[in-house]
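Everything on this sheet refers to the single structure shown next.
We did not get these values from a lab; they are worked out from the coordinates using the rules stated. Keep in mind the model is a prediction, meaning the values are calculated, not measured. Cβ coordinates were reconstructed from backbone atoms using ideal geometry, including for glycine residues, and neighbour counts include every protein chain displayed.
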Amino acid sequence: MSRFSVRNLDVTIDGHPLLRNVNLEVASGEFCVITGPSGSGKTTFIRLLLSQLRPSQGEIAIDGTPIPRFPAPDRGVVFQDYSVFPHKTALQNVLVGLEFKKARVFGRLFGRRRQPLISAARRALADVGLESSVEKYPSQLSGGMRQRLAIAQAMIVRPKVLLLDEPFGALDPDTRAQLHRVVLKLWRESQATIIMVTHDLQEARALATRLVTFGFAKGGGGTIVADEIVGEKGSVVTPFAETRTGRSPRHRRRKHR
Ligand SMILES: Nc1ncnc2c1ncn2[C@@H]1O[C@H](COP(=O)(O)OP(=O)(O)OP(=O)(O)O)[C@@H](O)[C@H]1O
Ligand SMILES: [Mg+2]
């Protein structure tokens, strides 16, 4: 569970504003969905949260501490384009993240010390319904299965925050609905804070406890133009700024009980 805080964020590259004056407080355990037109800076925002990009101004903090300058396992990510290694099996793909994290503590792991990691990787694959595909390569999996693998890979290191950038964009409606259930289950069980970008407003309202809309600032660059709490049936309860109830964990957990 972690609180994300973004203050007065500006990104300018080669004199062009990409993001302007972005302010966002995401409460611990929130399922925050970001929508907005193409080019309004949603992916740029995700890259900032990952430390793949540095802001020109402003600050980003998790639980009150500025995020590290480099990507770290406290923030997991799934992009639209199946960010898994093609030459590794499903099991090896999930193990990579875990071994990387543990190896920083123990050095390279061999033999018996690897066994618990393999068991954990198998459990993570079972959590996303891939228990019978552990030895398959990504090219042998469907698009939906590959995205489930990417989600397992991101979740295995127990990130405080899971970032999803149009993770279901290339999938058919049935597969999307299946993956919604997978993500909601992981969200409930892990209590991770989720920030997800989508163009699909129906998907946004179905999943979000909080809906943030990006648009364009005067003079160019993306910025937040709406920030709302989403109720149980996908209705917008109220603009976030006008209520305190959005900060109540009761509302967030009630929606996806
Ligand atoms: N590294 C970069 N250098 C210069 N301009 C960039 C860079 N990355 C993104 N941009 C520009 O920033 C703007 C926002 O891009 P971004 O990818 O964040 O938009 P988006 O909201 O994710 O769009 P989409 O919905 O199409 O994915 C675009 O005009 C893009 O061309
Ligand atoms: Mg994008």
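Calculate, in nm to one decimal, what Asp174 and Asp81 gain on full extension: separation in residues at 0.36 nm each, minus their alpha carbon distance.
Working it through step by step, the gained length comes to 31.6 nm.
With 10 angstrom as the radius, rank His180, His16 by how many other C-beta atoms surround their C-beta, starting from the fewest.
Exposure proxy ranking, most exposed first: His16, His180.
By counting other Cβ atoms within 10 Å of each Cβ, how are Ser139, Ser40, Ser28 ranked from fewest to most?
The order, fewest Cβ neighbours first, is Ser139, Ser28, Ser40.
Work out how much length Asn23 to Asn8 would gain on full extension: take 0.36 nm times their residue separation and subtract the Cα-Cα distance, in nm to one decimal.
Here the answer is 4.9 nm.
Taking amide H positions as placed 1.01 Å from N in the peptide plane, with prolines and chain starts having none, which residues 5 or more places from Leu164, or on another chain, fall under 5 Å of its amide H?
Val78, Ile195, Met196, Val197
Quick one: which residues, 5+ away or cross-chain, put their amide H under 5 Å from the amide H of Val225? H built at 1.01 Å from N.
Here the answer is Thr213, Phe214, Gly215, since their amide H atoms fall under 5 Å of that of Val225.
Would you mind computing, in nm to one decimal, how far apart the modelled labels at Ser139 and Arg181 are, each placed 7 Å from Cα along Cα→Cβ?
Label-label distance for Ser139 and Arg181, simple model: 3.1 nm.
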